[in-house]
Structure formats: structure tokens, C-alpha cells
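**Student:** So that we are looking at the same thing, I have put the structure below in C-alpha cells.
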Amino acid sequence: MLPLMAIAVYSLPWHYKCSSEHETSVIWCVIWFSLASASAQLAVGFYSLSCPGAEFMVRNTVRSAASSDPSVPGKLLRLLFHDCFVEGCDASILIQGNGTEQSDPANRSLGGFSVINSAKRVLEIFCPGIVSCADILALAARDAVELTGGPAVQIPTGRRDGRISSISNVRPNIVDTGFTMDEMIRIFSSKGLSLEDLVVLSGAHTIGSAHCSSFSDRFRQDSTGKLTPIDTSLDRSFAKELIDRCPVAANPSITVSNDPQTSSSFDNQYFRNLIAHRGLFQSDSVLFSDSRTRRLVEDFANDQESFFASWTQSFMKLTSIGVKGDGKGEIRQSCSAVNI
């Protein structure tokens, strides 16, 4: 008989019960028990007694910021990925200073910090020393998805903030936009994420934007000084759009929507773009060109509900990477610095 600790610590989607009469629920129990064992301090409604309005305050802050700046949701979601893949989901990406994770060139274009800091300031007024920056970031990214039309995900909280943030830990742990499938699989696998998680979580690119430099490796300069696509499978009209937007010596501040069709909506258009050979990054396009992941791309392109259901599962796994508990982390007074 499977232990029921998973049910106690994690509220399973669709209210599955651990019983022999539901084969799928047994599989869920195995998955969630393994996650619960790794981070047993997490619980849905962790702050229900200590700070009942915590999740509302985070959601309200995200909604307010997104209403004045539509780019906020994409920035928050990207920020979470860059946090969880390095040192785990412990808000180490938020720590400022020389030699921290923020110092790496891959992180200098990150945004959304002010939203997290705003939520933290509000929470410190009503619930001082209670809510971690790691939980604020996870909740904010969760809310960003829902506010842009994506699925509502009930995630457990109780993360603690890390005290280590080093530039040397960034490159070995994050996925570059020019990575091959094998390189991406290696990174995701090291985080306990499957091949399906890789495809599902890449769907985060359905919102947000990118600087020209992040996909410049997809083009080369010919003898006349014009840019031409290296990948001949890239849709010609899309390639022209990118070249027009990001010509040689383009302003570094210029950005391009990850999903031009529905840039402000969390939907399955990203996967449709891949099938149409309109993926922005090489790491996007390879998901459709590689036989190991092509079927998943096609399935999600044809069925948004399937993508949303899979997103719920994979997002839960993402936000459970390397979670720190009591004795291994702290509740920062300020998200930008460790406690003295």
C-alpha cells in the first residue's frame, strides 16, 4: 500500500485519491510521494494560518504590474526558470552584487525583479518575516500564466531562500537558445525533468519576448553584408521578419515576441508555430525536427487542453527543483540580499 504522505503534502490535481481502483491515481501518488520526500516542508496553503492573504497579495501585485506593462508575465516566467535551474527554486537569482547569478550575461536581460520586490514589501508590512522570496517568485510566475489565459495551478508553498548566488553556477545549469536536443536533455535530466517536461515547459515561450542577440546564431552575414538564415527549414517569410526587425548592428534593446501570433496569451500557438517552422530559437525548432519530440509537439498543437493539463504537472515539478527547507535556507528580509 502506497504511503499517503504525498496527499498530505501536495494537493493533487483533479483530487486524485491513492487507491487501487484508480490506476492513474496510483501513478500520481508515486510521482508526488517522491517529490514530497525530497521537499517535505512544502504544503498547499502553507501560509493559511501565518499569513492568510499571502497568495492574494502576490496575485494582486502581479495583476497590477501586468496591467501597466504587458511584458511582465513573460518576464516573471523566465525569471522563475533561471532561478530554479541554478541552485534550485530558492530565489538565488534575486540576490544582487558582484559575482552573483545576475552578473552572468545570460541573466542581464532578465526582468520582473521590481514586481517580486514590490510583493515582498507588501508582505513584510502585513506578515513580517513569514513569506519567502522563493515562494513569492513561484507564485508570481504561476499567476502570470493564469492571468494571460493559461491554466490555474495550485502549487504548494513553504520554500526557503538560499544564501548562495554565484556566477560560476549559471552556465553549467541553464539551457542556451542555441542548444541541441541532446544538450537540453542533459540539463533537464539533471534537474529530474523528463523529455516530456522539456517539451511542455518550452511552451513557456508562448508569452514573452527576446533580444535579437538570443537568436542571431540562426543567421549569417553573406558577402554583400546581408543576413541569411543558416537553417533553411526556417519559414522564409518569418526569417525575413526577423531580419527586418534585427538587422546587422541592430540596437541591443530591440526585442521580438517569442510568439508573434498571440504574444500576450498563454496558449498552444507556440507549438503550432513550430510545425509551421516559425520557432524563434534553435532550441525551439529542434523540438519539431527531432523525432523524439515531434509527436508531442503535434499533440499539443492540436489539443490545447492536453497542453494545459501537462503544463500543470510539469510546472509543479519545475517549482519543486532543489527546494530548501528549515536549516538549509532562510526567510530574507529583502529579496535582493541575504540576511546579515
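**Student:** Mind ranking 150-158, 78-86, 214-222 by how tightly packed they are, going by the mean number of other C-beta atoms within 10 angstrom, highest first?
**Tutor:** My ranking of the peptides, most packed first, is 78-86, 150-158, 214-222.
**Student:** Also: Report, in degrees rounded to the nearest 10, the 0 to 90 angle that the Cα long axis of helix 23-38 makes with the longest principal axis of the chain.
**Tutor:** 80
**Student:** What is the local net charge at V62, summed over the other residues whose Cβ is closer than 10 Å to its Cβ (Lys, Arg +1; Asp, Glu -1)?
**Tutor:** +1
**Student:** Return the tail of the calculated pair distribution for segment 273-314, meaning the percent of Cα-Cα pairs more than 13 Å apart.
**Tutor:** When every Cα pair of segment 273-314 is considered, 54 percent fall beyond 13 Å.
**Student:** While we're looking at this one, here's another question. Give me the Å³ per residue figure for the convex hull around the C-alpha atoms of segment 232-292.
**Tutor:** 98
**Student:** What whole-number volume per residue, in cubic angstrom, does the convex hull of the C-alpha atoms of segment 104-145 give?
**Tutor:** Spelled out: Cα convex hull of segment 104-145, divided by residues, is 82 Å³.
**Student:** Per residue, how much accessible area does segment 81-120 have with a 1.4 Å probe, in Å²?
**Tutor:** Value returned for segment 81-120: 30 Å² of accessible area per residue.
**Student:** Please turn the phi angles of segment 290-295 into ³J(HN,Hα) values with the Karplus equation 6.51 cos²θ - 1.76 cosθ + 1.60 (θ = phi - 60°), one per residue in order, whole Hz, x for glycine and proline.
**Tutor:** Karplus values, whole Hz, x for Gly and Pro: 8, 5, 6, 10, 4, 4.
**Student:** Please report the relative contact order for segment 164-282, taking Cα pairs under 8 Å with a sequence separation of at least 6, and give it as a percent rounded to a whole number.
**Tutor:** 32
**Student:** Further question on the same structure: Please express the Cα-Cα pair-distance distribution P(r) of segment 192-315 as a list of whole percents, one per 10 Å bin, running from 0 to the bin with the greatest distance.
**Tutor:** P(r) over segment 192-315, rounded to whole percents: 13, 44, 30, 12, 1.
**Student:** Name the aspartates and glutamates eligible as straight-distance cross-link partners of K324: C-alpha to C-alpha under 17 Å, and not fewer than 8 places from it in the same chain.
**Tutor:** D83, E87, D90, D135, D161
**Student:** In percent, what relative contact order does the chain have, based on Cα pairs under 8 Å that are 6 or more apart in sequence?
**Tutor:** Computed value for the chain: 23 percent relative contact order.
**Student:** Right, something else. Rg to Rh for segment 148-197: what is it, with Cα atoms only and Rh by Kirkwood?
**Tutor:** 1.05
**Student:** For the chain, compute Rh as the Kirkwood radius over C-alpha pairs and then the Stokes-Einstein diffusion coefficient at 10 °C and 1.306 mPa s; write the answer in µm²/s, rounded to an integer.
**Tutor:** The estimated diffusion coefficient comes to 76 µm²/s.
**Student:** Return the long-range amide H neighbours of R160 (sequence gap of 5 or more, or a different chain), with a cut-off of under 5 Å between placed amide H atoms.
**Tutor:** Amide H neighbours of R160, under 5 Å, 5+ apart: K324.
**Student:** May I ask which residue of S190, A204, N169 lies farthest towards the positive end of the charge dipole of the chain, with charges of +1 (Lys, Arg) and -1 (Asp, Glu) on Cβ and the Cα centre as origin?
**Tutor:** N169
**Student:** Please list 3J(HN,Hα) in residue order for segment 53-58, calculated via the Karplus relation 6.51 cos²θ - 1.76 cosθ + 1.60 where θ = phi - 60°; whole Hz, with x for glycine and proline.
**Tutor:** Listing the rounded values in order: x, 4, 5, 5, 5, 5 Hz.
**Student:** Over the Cα atoms of segment 173-248, each weighted equally, I'd like the Debye log10 I(q)/I(0) at q = 0.13, 0.18, 0.21, 0.25 Å⁻¹, rounded to two decimals.
**Tutor:** -0.51, -0.85, -1.02, -1.20
**Student:** Go through S289, S253, S237 and say which Cα lies farthest out towards the positive end of the charge dipole of segment 218-340; charges sit on Cβ, +1 for Lys and Arg, -1 for Asp and Glu.
**Tutor:** Toward the positive end, the furthest listed residue is S253.
**Student:** Per DSSP H run of n ≥ 4, the term is -39500 (n - 2.57); total these for the chain, divide by its residue number, and report the mean residue ellipticity at 222 nm rounded to 500 deg cm²/dmol.
**Tutor:** -13000 deg cm²/dmol
**Student:** Counting heavy atoms of the protein chains only and a 1.4 Å probe, report the per residue accessible area for segment 127-242 as a whole number of Å².
**Tutor:** Roughly 41 Å² per residue, with all protein chains present.
**Student:** Which pairs in the list K120/K328; K191/K240; K120/K317 are over 28 Å apart, alpha-carbon to alpha-carbon?
**Tutor:** K191/K240
**Student:** S253 to N302: extension gain in nm, 0.36 nm per residue of separation minus the Cα-Cα distance?
**Tutor:** Taking S253 through N302 to full extension adds about 14.2 nm, to one decimal.
**Student:** Near the amide H of S209, under 5 Å away, which other amide H atoms are found, from residues 5 or more places off or on another chain, if H is placed in the peptide plane?
**Tutor:** Under 5 Å from the amide H of S209: N258.
**Student:** What angle, in degrees between 0 and 90 and rounded to the nearest 10, separates the Cα long axis of helix 236-245 from the longest principal axis of the Cα atoms of the chain?
**Tutor:** Roughly 80 degrees between the two axes.
The values are calculated or read from the model by the stated rules, or taken from the named source; none is laboratory data. Values in this document were obtained by computation on a predicted structure and should not be read as measured data. Every residue, glycine as well, gets a Cβ built from its backbone with ideal geometry; the counts of neighbours run over all protein chains shown. When the accessible area is computed, the model is the full protein with side chains, heavy atoms only, and any ligands, DNA or RNA have been set aside. Shrake-Rupley method; radii C 1.70, N 1.55, O 1.52, S 1.80 Å.
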